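The values are calculated or read from the model by the stated rules, or taken from the named source; none is laboratory data. What you see is a predicted model, and the numbers here were worked out from it, not measured in a lab. Cβ placement follows ideal geometry from the backbone for every residue including glycine, while neighbour counts extend to all protein chains displayed. These accessible areas exclude ligands, DNA and RNA; they are computed on the full protein's heavy atoms, side chains included. Shrake-Rupley method; radii C 1.70, N 1.55, O 1.52, S 1.80 Å.
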Protein chains: 2
Amino acid sequence: MTELRVGLLGLGTIGIGVARILIEQQDLISRRLGKQVRLVAAADRVLDRDFGLDLSGVRLSSDASEIVTADDVDLVVELIGGYEPARTFVVTALEHGKHVVTANKALIAKHGEELFPLAAAKGLQIGFEAAVGGGIPCMKALREGLAANAIESVYGILNGTCNFILTKMENEGADYADVLKEAQALGYAEADPTFDVEGIDTAHKLSILAAMAFGSKIKFDEVYTEGISKITAADIASAHEMGYRIKLLGIAKPHANGELQQVEMRVHPTLVPVDSQIAQVSDSYNAVQISGDFVEHTMYFGRGAGERPTASAVVADIMDITSGFPDGIAHLAPPMGFVESSRREIPTMPIEDAVCEYYIRLMVKDQPGVIAAVTSILADHRISLEALIQKERHASNTVPIVMMTHETTEGNLQAAVSRITGLDAVEEDVLILRKESAVA
Amino acid sequence: MTELRVGLLGLGTIGIGVARILIEQQDLISRRLGKQVRLVAAADRVLDRDFGLDLSGVRLSSDASEIVTADDVDLVVELIGGYEPARTFVVTALEHGKHVVTANKALIAKHGEELFPLAAAKGLQIGFEAAVGGGIPCMKALREGLAANAIESVYGILNGTCNFILTKMENEGADYADVLKEAQALGYAEADPTFDVEGIDTAHKLSILAAMAFGSKIKFDEVYTEGISKITAADIASAHEMGYRIKLLGIAKPHANGELQQVEMRVHPTLVPVDSQIAQVSDSYNAVQISGDFVEHTMYFGRGAGERPTASAVVADIMDITSGFPDGIAHLAPPMGFVESSRREIPTMPIEDAVCEYYIRLMVKDQPGVIAAVTSILADHRISLEALIQKERHASNTVPIVMMTHETTEGNLQAAVSRITGLDAVEEDVLILRKESAVA
């Protein structure tokens, strides 16, 4: 029976999960593929510990560079995370003729445009299902399942930490800082949560999704990114009152203005209709909603992180590559869903050109004429209102005003808000959130 | 550039959708695959009509048997539907060395065990993504995306007609017969709706999902099947009062009792928690929820029918086969997710052994001692109640009683209900629904 030999870099929780599947589900894997997958080697800095798993028969090494060059390894699983040394190990593995599977979104988002051409030139495959949406086979769905479609939009709840925090804020009416502390205590958020709560992790994933959706290059640095740290319990309640729930979404859409094509990519807290499918995605669950010109709306839901779900996605990639091993790799779908030579440089749409509906929250002095002043600025900019709610006065004699606008460009909205912020009666930072009514 | 040549059987709505993608998205398909797909021939009984599409360059024929044997066809798309002559054409196509893609769940459910071994023996592929879940790439997710998992459960809303009717009954408090008429007028239900509303279509799809999930043989005839025609607006309201929504689910679970393995397969209206993800799937949308031992819960949501979504799935299959064409087919995942030689004969669990929680609705005479008599029969059978609601008296002097039980076997429940039905005070047919709390 044909056998593919795996070398594993990193025996953290996900690495152990991958090893566990490869060892415990050997029979299942062979029944499915008619081929075998064998874990031959694994590297980690600390080997002198209990892995909770029988790794006899697996060569353990503290030297990852030994594994990426080893003659008895056909495929390297990179689970180190981060940019370096992960990138160097992956490049070396490819240069030594080894397929690569990784769960590392940062690596793919930042260095994918170096790695994919290298792999294609060598006739090798890179699998990264686990990098976006954890256990959810959403990359495969987009790349292969929806391949007949021109993709029209991608909406993703891609960060479990943020979704956990927003869900808890909504359910308990609690404020951001308190819920963050709780999430940290529970292990759902890191001690330094910046990467998650400021949307960077979501932007990594969105940049990969967008490139796969539109056949464009990965442009992580050009994703417009806002996090959830400015959302208050009052915002969540106001949004709910108007029929919306707040989710941190990664959003990607293609734009064709005559010949010029642009890709819109933005990550920010977003109001979605409370009865939409994506609004139901709660706690640390992830979901990706993808619409195509033929398939219409589709959604993929599941665990976006965790040892076992992430390992499930890593091993699915290994099994795909094993199907094509040793001589059929050229017959697998290309990693980014388009053959490398047809992937295009497509400019990113400037955020100013994005067209959205907006939620605007102001704190104003409780005095006559303020609402008239605010709304006349909006009228100057031809921004029409769908709703305006004036809330009860705060102790500080300020009044929160929440407005929901109809569609306008971000540039126009920002110009209007800048004028509004300049009003004497407007007291605090203005919070702007965007709304997406088109989600399913 | 390598080219795969397609012959299409059936130019109905889905056939036209497939032709439209193959013609209009030619460039997209080539950019994705680095190969070309060309529609060379199509057969239909009536050719003298406006297809709404430029089919010049496509050989139109009124003779399907010409296409399944033609030298210039590499892949046959079967969109005739039903058992025969679809089966004969597919067998002939395979015998003539042609790959097959079909949207025909009846064909796969009834004749799959003849077709898959034939295809495997010839080194050919059969694609049937469109047969289950319409445009949703759920077969690919199960077969490849979750391949590292032992599947623990499958729950599917697989029939858009039923889901449309149940959603409308709930939203409008309307009764089944009225909504069915409306669905028929809107074209959401057939003039003879039996196939959809009695669960047969769902059973076809479930039998395919179960076999793919567990590596077992397809046993459509052994699926326990109940439809939605006995559900009343009052049942939907009672369920809602207790925190549940009623959906027609296809349910499949594996069972290992020592050495013996069994597959549980049932289709019936099911109470699901109102805040579960699957309860949000409304109107004619479909969804499949699949749980695996590593990935935990996942769900796939989208359009389960319609020209364009179904065509999307058909062309995705064509593109998969084109990836492997002409010499890499052996490197694609096997159609049923397990190599043919490893697919097993696994007995179906008798419905009497299924363990469920139950919703029981009785109409009883409004007289003392009835509830005591009913509940003491349940106690005799060691069936404990989670809830009992006695509703206001009907004009006919009967009272509806709704009970929700804890877990028991179907056999035990039926024995108890048979005794309850024998009570003088119990007036009408007893309705039994099953509840699934384990859905996500």
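Taking only segment A:376-386 into account, find how many residues are open to solvent by 30 Å² or more (accessible area, probe 1.4 Å) and in contact (Cβ under 8 Å) with a residue 24 or more places away in the chain.
4
With the structure loaded, tell me whether B:Val281 is under 13 Å from the mean Cα position of the chain (by Cα) and surrounded by 23 or more Cβ atoms within 10 Å (Cβ to Cβ) or whether it fails that test.
Against the criterion (under 13 Å from the mean Cα position of the chain (by Cα) and surrounded by 23 or more Cβ atoms within 10 Å (Cβ to Cβ)), B:Val281 does not qualify.
Assuming B:Thr421 fulfils every condition listed in (1) surrounded by fewer than 16 Cβ atoms within 10 Å (Cβ to Cβ); (2) among the hydroxyl-bearing types (Ser, Thr, Tyr); (3) assigned by TED's automatic domain parsing to the domain that holds B:Glu114 apart from one, which condition is it?
Status for B:Thr421: all satisfied but (3).
Those residues that are surrounded by 16 or more Cβ atoms within 10 Å (Cβ to Cβ) and touching a helix residue (DSSP H, G or I) at 6+ places or on another chain (Cβ under 6 Å), I need them from segment A:343-360; list them, please.
Answer for segment A:343-360, where residues must be surrounded by 16 or more Cβ atoms within 10 Å (Cβ to Cβ) and touching a helix residue (DSSP H, G or I) at 6+ places or on another chain (Cβ under 6 Å): A:Thr348, A:Ile351, A:Ala354, A:Tyr358.
Can you tell me which residue in segment A:407-416 is nearest to the other protein chains (Cβ to nearest Cβ), limited to those that are more than 27 Å from the chain's Cα centre (by Cα) and open to solvent by 10 Å² or more (accessible area, probe 1.4 Å)? Please lay out each step first, then the result.
Within segment A:407-416, the subset more than 27 Å from the chain's Cα centre (by Cα) is A:412, A:415-416.
Retained after the next criterion (residues that are open to solvent by 10 Å² or more (accessible area, probe 1.4 Å)): A:412, A:415.
On the way: A:Asn412: 34, A:Ala415: 38 Å.
Among them, the one singled out is A:Asn412.
Please work out if A:Gly156 is touching a Ser or Thr at 6+ places or on another chain (Cβ under 7 Å), on the phi < 0 side of the Ramachandran plot and in the same structural domain as A:Ser216 (by TED's automatic domain parsing).
no
For the condition among the aliphatic types (A, V, I, L, M), modelled with pLDDT of 95 or more and open to solvent by 60 Å² or more (accessible area, probe 1.4 Å), what is the one hit in B:Ile67, B:Ile80?
Numbers: B:Ile67 fails: open to solvent by 60 Å² or more (accessible area, probe 1.4 Å).
Among B:Ile67, B:Ile80, only B:Ile80 is among the aliphatic types (A, V, I, L, M), modelled with pLDDT of 95 or more and open to solvent by 60 Å² or more (accessible area, probe 1.4 Å).
Being closer than 20 Å to B:Ser341 by Cα, in contact with a strand residue (DSSP E or B) (Cβ under 8 Å, 6 or more places away or on another chain) and outside any helix (DSSP H, G or I) is the filter here; which residues of segment B:101-127 pass it? Steps first, answer last, please.
Step one: filter segment B:101-127 for residues closer than 20 Å to B:Ser341 by Cα, giving B:108-127.
Restricting the remaining residues to those that are in contact with a strand residue (DSSP E or B) (Cβ under 8 Å, 6 or more places away or on another chain) gives B:108, B:115-116, B:119, B:124-127.
Those that are closer than 20 Å to B:Ser341 by Cα, in contact with a strand residue (DSSP E or B) (Cβ under 8 Å, 6 or more places away or on another chain) and outside any helix (DSSP H, G or I): B:Leu124, B:Gln125, B:Ile126, B:Gly127.
Is it the case, given these coordinates, that A:Asp27 is open to solvent by 60 Å² or more (accessible area, probe 1.4 Å) and within 19 Å of A:Ile321 (Cα to Cα)?
yes
I'm trying to understand the selection: among the residues of segment A:275-293, which are more than 8 Å from every other protein chain (Cβ to nearest Cβ) and among the polar types (S, T, N, Q)?
Once the filter is applied, which keeps residues that are more than 8 Å from every other protein chain (Cβ to nearest Cβ) and among the polar types (S, T, N, Q), segment A:275-293 yields A:Ser276, A:Ser282, A:Ser284, A:Asn286, A:Gln289, A:Ser291.
Which of the residues belonging to segment A:74-130 are of a type in the set (D, E, K, R) and in contact with a Phe, Trp or Tyr (Cβ under 9 Å, 6 or more places away or on another chain)?
From segment A:74-130, those of a type in the set (D, E, K, R) are A:74, A:78, A:84, A:87, A:95, A:98, A:105, A:110, A:113-114, A:122, A:129; that's our starting set.
Correct list: A:Asp74, A:Glu78, A:Lys105, A:Lys110.
Tally up the residues in segment B:141-155 that are buried (at least 24 other Cβ atoms within 10 Å of the Cβ) and facing another protein chain (nearest Cβ under 7 Å), please.
The total comes to 7.
Is it the case, given these coordinates, that A:Glu296 is over 30 Å from A:Met1 (Cα atoms), open to solvent by 10 Å² or more (accessible area, probe 1.4 Å) and at the interface with another protein chain (Cβ under 7 Å from one of its Cβ atoms)?
Yes, satisfied.
Would you pick out the residues in segment A:339-350 that are within 18 Å of A:Ile218 (Cβ to Cβ) and out of contact with any His (no Cβ under 8 Å at 6 or more places or on another chain)?
Those that are within 18 Å of A:Ile218 (Cβ to Cβ) and out of contact with any His (no Cβ under 8 Å at 6 or more places or on another chain): A:Val339, A:Glu340, A:Ser341, A:Ser342, A:Arg343, A:Arg344, A:Glu345, A:Ile346, A:Pro347, A:Thr348.
Only one of A:Ala93, A:Ala103 is within 20 Å of A:Thr202 (Cα to Cα), open to solvent by less than 30 Å² (accessible area, probe 1.4 Å) and hydrophobic (A, V, I, L, M, F, W, C); which? Explain how you work it out, then say what you get.
Working: A:Ala93 fails: within 20 Å of A:Thr202 (Cα to Cα).
Answer to the check: A:Ala103.
Which residues, taken from segment B:188-202, are of a type outside the set (S, T, N, Q) and open to solvent by less than 60 Å² (accessible area, probe 1.4 Å)?
Across segment B:188-202, the qualifying residues are B:Ala189, B:Pro193, B:Asp196, B:Val197, B:Gly199, B:Ile200, B:Asp201.
Of the numbered conditions (1) open to solvent by 10 Å² or more (accessible area, probe 1.4 Å); (2) touching a Gly at 6+ places or on another chain (Cβ under 8 Å); (3) at the interface with chain B (Cβ under 7 Å from one of its Cβ atoms), A:Ser323 fails exactly one; give the number of that condition.
(2)
When you scan segment B:361-371, how many residues do you find that are open to solvent by less than 30 Å² (accessible area, probe 1.4 Å) and touching a residue at least 60 places away in the same chain (Cβ under 8 Å)?
So the count comes out to 3.
Kindly indicate whether A:Gly133 is crowded, with 24+ Cβ neighbours inside 10 Å and at the interface with chain B (Cβ under 10 Å from one of its Cβ atoms). Can you show your working first?
On the way: crowded, with 24+ Cβ neighbours inside 10 Å: yes; at the interface with chain B (Cβ under 10 Å from one of its Cβ atoms): yes.
Considered against the rule, which asks whether it is crowded, with 24+ Cβ neighbours inside 10 Å and at the interface with chain B (Cβ under 10 Å from one of its Cβ atoms), A:Gly133 comes out as yes.
Spot the failing condition for B:Ala210; the list is (1) touching a strand residue (DSSP E or B) at 6+ places or on another chain (Cβ under 9 Å); (2) closer than 29 Å to B:Thr13 by Cα; (3) surrounded by fewer than 21 Cβ atoms within 10 Å (Cβ to Cβ), and only one is missed.
It fails just one condition, (3).
Residue check: is A:Thr398 within 24 Å of A:Thr232 (Cβ to Cβ) and in contact with a helix residue (DSSP H, G or I) (Cβ under 9 Å, 6 or more places away or on another chain)?
Answer is no for this residue.
Counting only residues that are at the interface with another protein chain (Cβ under 8 Å from one of its Cβ atoms) and under 22 Å from the mean Cα position of the chain (by Cα), how many does segment B:334-368 have?
Counting residues in segment B:334-368 that are at the interface with another protein chain (Cβ under 8 Å from one of its Cβ atoms) and under 22 Å from the mean Cα position of the chain (by Cα) gives 3.
Pick from segment A:119-130 the residues that are over 15 Å from the mean Cα position of the chain (by Cα), hydrophobic (A, V, I, L, M, F, W, C) and more than 11 Å from chain B (Cβ to nearest Cβ): which of them is surrounded by the fewest Cβ atoms within 10 Å (Cβ to Cβ)?
It comes out as A:Ala121.
Scan (1) open to solvent by 20 Å² or more (accessible area, probe 1.4 Å); (2) touching a strand residue (DSSP E or B) at 6+ places or on another chain (Cβ under 7 Å) for the single condition B:Glu436 breaks and write down its number.
Going through (1) open to solvent by 20 Å² or more (accessible area, probe 1.4 Å); (2) touching a strand residue (DSSP E or B) at 6+ places or on another chain (Cβ under 7 Å) one by one, B:Glu436 breaks only (1).
Any idea which residue in segment A:156-186 is farthest from the other protein chains (Cβ to nearest Cβ), counting only those that are surrounded by fewer than 19 Cβ atoms within 10 Å (Cβ to Cβ) and part of a loop (DSSP other than H, G, I, E, B)?
Ranking the qualifying residues of segment A:156-186, first place goes to A:Asp175.
How many residues are under 23 Å from B:Glu84 (Cβ atoms) and either of a type in the set (S, T, N, Q) or free of Cβ contacts under 8 Å to residues at least 24 places away in the same chain (or both) when one looks only at segment B:1-30?
Of the residues in segment B:1-30, 1 are under 23 Å from B:Glu84 (Cβ atoms) and either of a type in the set (S, T, N, Q) or free of Cβ contacts under 8 Å to residues at least 24 places away in the same chain (or both).
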